[in-house]
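Below you'll find the structure, written out as structure tokens, and then a few comments.
The values are calculated or read from the model by the stated rules, or taken from the named source; none is laboratory data. A quick note: this is a predicted structure, and the numbers were derived from the prediction, not measured. Every residue, glycine among them, receives a Cβ derived from its backbone with ideal geometry; neighbour counts consider all protein chains shown. Heavy atoms of the whole protein, side chains included, go into the accessibility calculation; ligands, DNA and RNA do not. Shrake-Rupley method; radii C 1.70, N 1.55, O 1.52, S 1.80 Å.
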Amino acid sequence: VIKHTPAVGKNLLEHPLMRPTFRSVKPSYNPSGGMLQALGFLAKFLFTGQGPIAAPFEGQLFLKSTPEELLPDVQMHFSLVGMVNTQGSQHKGITVLPYPAFSFFVNNSYPKSKGTVKLASADPAVAPLIDPNLLHDERDVQTLVRALEFIRKLVVTPAMAKMVLDEVEPGRDTVSPESLACYVRARTGIAYHPVGTCRMGIDEQAVVDPNLRVRGLDNLWIADASIMPDHISGNPNATCLMFGEKLGRQLLRNP
């Protein structure tokens, strides 16, 4: 061990993601039309650059789950592909529904629950132990419950109600706050937005300093999502590009 830094691997933050899904009156991007539909999607992409092959999301919004929030704490994507988390499978995955449907992809932007990344072995080829610890903090559950309530208000507006045939998930019978919370706990997964395990800061526990240098070491920097002290409201990809630009310019000035 060259530098013992206990904070490495702690503070793992991940956006909890759920997919409330509705059966659609009209055709969507779900594969319900057979080979002709699939060929139509391909032709639309080749000739116009549009359709589900180009982008499965048709809209995005950020909202406050309560008026008291200083910033929007929920991110939503609207997709014309209706899908749910796979049930009854040894391998977790996504099931694309065989009939017309659409889904909302809902993230809790600022989760309170924190997980860890730990070594499973001294062998670097062995996969690490990753525990997102999703929804450990009850406040994360309630944020997603409020997001579900917002979506239900949205789909009964005149513009959307004429498109909805039925509610697939959570289901029309899931109405009480307790049952909605059970749905959130059972059906929430990760958004693949992990950050925070090499936190940046100016305190002694921080892994990297504001110049992205690993504290206590020379010639070692980190420029990826692990340095974020907290999560951001949306997808972290653009932020990671900014980290890389910052470090690249630093090293050009001071090789």
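Of note:
- Within the chain, the whole DSSP H helices whose Cα atoms reach 18 Å or more along their own axis and whose mean Kyte-Doolittle score is at least 1.0 are 34-48.
- Loop GluC sites (Glu not before Pro), region 38-125, which have at most 10 other Cβ atoms in a 10 Å radius of their Cβ (DSSP): GLU68
- Translational diffusion of region 34-191, µm² s⁻¹ [Kirkwood Rh, Cα pairs; Stokes-Einstein; 37 °C; 0.692 mPa s]: 180
- Model label zone, LYS44; criterion: amide N under 16 Å from point 7 Å along Cα-to-beta-carbon; scope region 16-32: 24-32
- Cross-linked pairs LYS3/LYS246; LYS64/LYS112; LYS64/LYS118; LYS64/LYS153: Cα-Cα separations exceed 22 Å for LYS3/LYS246; LYS64/LYS118.
- The GluC sites (Glu not before Pro) of region 106-213 that meet both conditions, a loop assignment by DSSP and at most 10 other Cβ atoms within 10 Å of the site Cβ, are GLU204.
- Computed over neighbours whose Cβ is under 14 Å from that of PRO6, the net charge equals +3, Lys and Arg +1, Asp and Glu -1.
- Whole-Å distance, taken between Cα centres, linking region 20-57 and region 172-239: 33
- At full extension, GLN37 and ASN254 could sit 72.5 nm farther apart than now, given 0.36 nm per residue minus the alpha carbon distance.
- Size descriptor, Kirkwood hydrodynamic radius, that averages inverse alpha-carbon separations across region 152-236, Å: 16.8
- Within-13-Å neighbourhood charge of THR197 [Cβ basis; K, R +1; D, E -1]: 0
- Ranked order, LEU70, LEU61 - accessible area, probe 1.4 Å, largest first: LEU70, LEU61
- D_trans [Stokes-Einstein, Kirkwood Rh over alpha-carbon pairs] for region 136-192, 10 °C, 1.306 mPa s, µm² s⁻¹: 129
- Region 200-253 shape via C-alpha gyration tensor axes, a/c threshold 1.5: oblate
- When ILE2, ILE227 are compared by accessible area at a 1.4 angstrom probe, the order from most to least is ILE2, ILE227.
- Three-way shape call for region 47-128 based on the alpha-carbon gyration tensor, with the a/c threshold at 1.5: oblate
- By accessible area with a 1.4 Å probe, ligands and nucleic acids excluded, highest first: order of LYS3, LYS118: LYS118, LYS3
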